[in-house]
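Read the figures in this text as sums done on the coordinates, not as results from a lab. The structure displayed is predicted, hence computed values, not measured ones. All Cβ positions, even for glycine, are placed from backbone atoms using ideal geometry, and neighbour counts span all protein chains on display.
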Amino acid sequence: MHAMELVRQDTQAVLAIRTRTSLKNLSITISYKCKEIMNYLNELKDFPTDAPYTAYYNWNRDDLDIEVGFPVKKVYPSKGEIFGKELLACKAVVCIHKGSHTKLKDLYAEITELVDNSEYEIEGIFYEYYYNLPDEVPASELLTKVVVPLKREENSCC
């Protein structure tokens with residue numbers, strides 16, 4: 001069982017790239033897109049304010065619709081496929097997962113069960129913030145923050 005919190009997420013500026021990939025190519029796609037964004041941040045003489053994230057818009061293993069990005073201080077202009085935007089403030093379930101990314105499915109099942117027994121619904125997008133990488137630490141030491149935006153059953157998120 002994971003420790004989960006219901007929190008109010010503040011508005012957050014990000015630089016991001018939306019793309020499609022397969023589960024097989026997910027880690028290489030995330031790595032490549034993060035490097036593109038970091039190169040742009042270097043041009044801007046700025047740096048991320050938190051760990052990189054991936055937003056999942058679907059769970060189709062062969063055609064994942066994802067957004068790879070970094071939280072930043074302010075919304076920056078777009079450049080090529082990189083765009084600046086704000087993640088809107090909302091209520092969310094937040095949990096820190098320690099361990100292999102393959103175990104995240106268990107966490108998502110717990111979150112779904114928690115939300116199903118509440119006055120909220122899952123908004124539809126899932127965010128994972130990666131605080132270290134599989135090539136840096138053993139899989140058992142990976143730290144991932146999962147953020148699942150919510151909406152009340154009768155109206156939209158916040």
Connecting every pair of Cα atoms under 10 Å apart in the chain and solving the GNM, the largest mean-square fluctuation among Thr144, Thr19, Thr102 falls on Thr102
In this structure, the FRET efficiency calculated for Asp62 and Glu121 from their beta-carbon separation, with R0 = 41 Å, to the nearest 0.05, is 0.95
Asserting the computed 222 nm helical MRE of the chain (DSSP H runs at least 4 long, -39500 (n - 2.57) per run, divided by residue count, to nearest 500) equals -6500 deg cm²/dmol
Answer in debye to the nearest 20: the dipole magnitude of the chain about its Cα centre, from +1 Lys/Arg and -1 Asp/Glu charges placed on Cβ, is 500
Low-density loop trypsin sites (Lys or Arg not before Pro), region 1-95, at most 14 other Cβ within 10 Å, DSSP non-H/G/I/E/B, are Lys24, Lys45, Arg61, Lys73, Lys74
Too long for a 27 Å Cα-Cα cut-off, among Lys35/Lys91; Lys73/Lys105; Lys74/Lys105; Lys24/Lys91; Lys24/Lys145; Lys24/Lys45, are Lys35/Lys91; Lys73/Lys105; Lys74/Lys105; Lys24/Lys91; Lys24/Lys45
Normalised Cα Rg of the chain, dividing by 2.2 N^0.38 Å with N its residue count, works out at 1.04
To the nearest 10 degrees, the tilt of helix 26-43 (Cα long axis) against the first principal axis of the alpha carbons of the chain is 50
Taking Cα pairs closer than 8 Å and at least 6 residues apart, the relative contact order of the chain in percent is 29
